[in-house]
Amino acid sequence: MEKVFLEHAIEAVLFASGDAISIRRLADALEVSEDQVIEAAQSLSDSYQFDQRGIRVIRLENSFQMCSDPLHADIVRKVLETRKAGQLSAVLLEVLSIIAYRQPVTRAYIEQVRGVDSSYSVSSLVEKDLIEEAGRLDVPGRPILYRTTQNFLRVFGLTNLEDLPPLPELEDTEKQLSFADSAEVSEN
């Protein structure tokens, strides 16, 4: 398939969809390899950025999506009369960070790290579609595991979780948690 035609086909699908479309699904529909889809979508994205267009093609893990350029968010909101999304509180950012860096995690793990009840924060993040249930832990009580969503990647401008900045103090926290776990076990 000709490269320009492939770019145009991907552009048409992403525009019509409005949502993220997996690379695999695009490759299957266009009868090309996933690498060809990635190359064409990246070329399309580069073209939009170079021309300083009002739209972007972004990659979200193993999918692509078309969206408006963040530089024009206020104008888009004004024209469409949508309310500006509320900012996340420090508490919600803290809980979201724990989940993003340690996922999948249980609410009990989050509460152990923070030292306070996190029920409201977890529920709020689920409601905002920044985290989602990722199954259940295979232990008594079967607590829910949480992970970040594609919307999390989109909101924070990340392609995948590897784009998160490193947290050097994370190792110290893990040592403290494992120490606390071993202290609890030895007391019982």
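The values are calculated or read from the model by the stated rules, or taken from the named source; none is laboratory data. A quick note: this is a predicted structure, and the numbers were derived from the prediction, not measured. Methodologically, a virtual Cβ is constructed for each residue, glycine included, from the backbone with ideal geometry; neighbour enumeration extends over all protein chains shown. These accessible areas exclude ligands, DNA and RNA; they are computed on the full protein's heavy atoms, side chains included. Shrake-Rupley method; radii C 1.70, N 1.55, O 1.52, S 1.80 Å.
Brief remarks follow.
- Within segment 98-111, one or more residues are in a helix (DSSP H, G or I), surrounded by fewer than 15 Cβ atoms within 10 Å (Cβ to Cβ) and out of contact with any strand residue (DSSP E or B) (no Cβ under 9 Å at 6 or more places or on another chain).
- Residue in segment 112-132 that is in a helix (DSSP H, G or I), within 24 Å of residue 54 (Cβ to Cβ), of a type outside the set (A, V, I, L, M, F, W, C) and open to solvent by 60 Å² or more (accessible area, probe 1.4 Å) present: no
- Check on residue 53, under 23 Å from the mean Cα position of the chain (by Cα) and either more than 20 Å from residue 153 (Cβ to Cβ) or surrounded by 11 or more Cβ atoms within 10 Å (Cβ to Cβ) (or both): no
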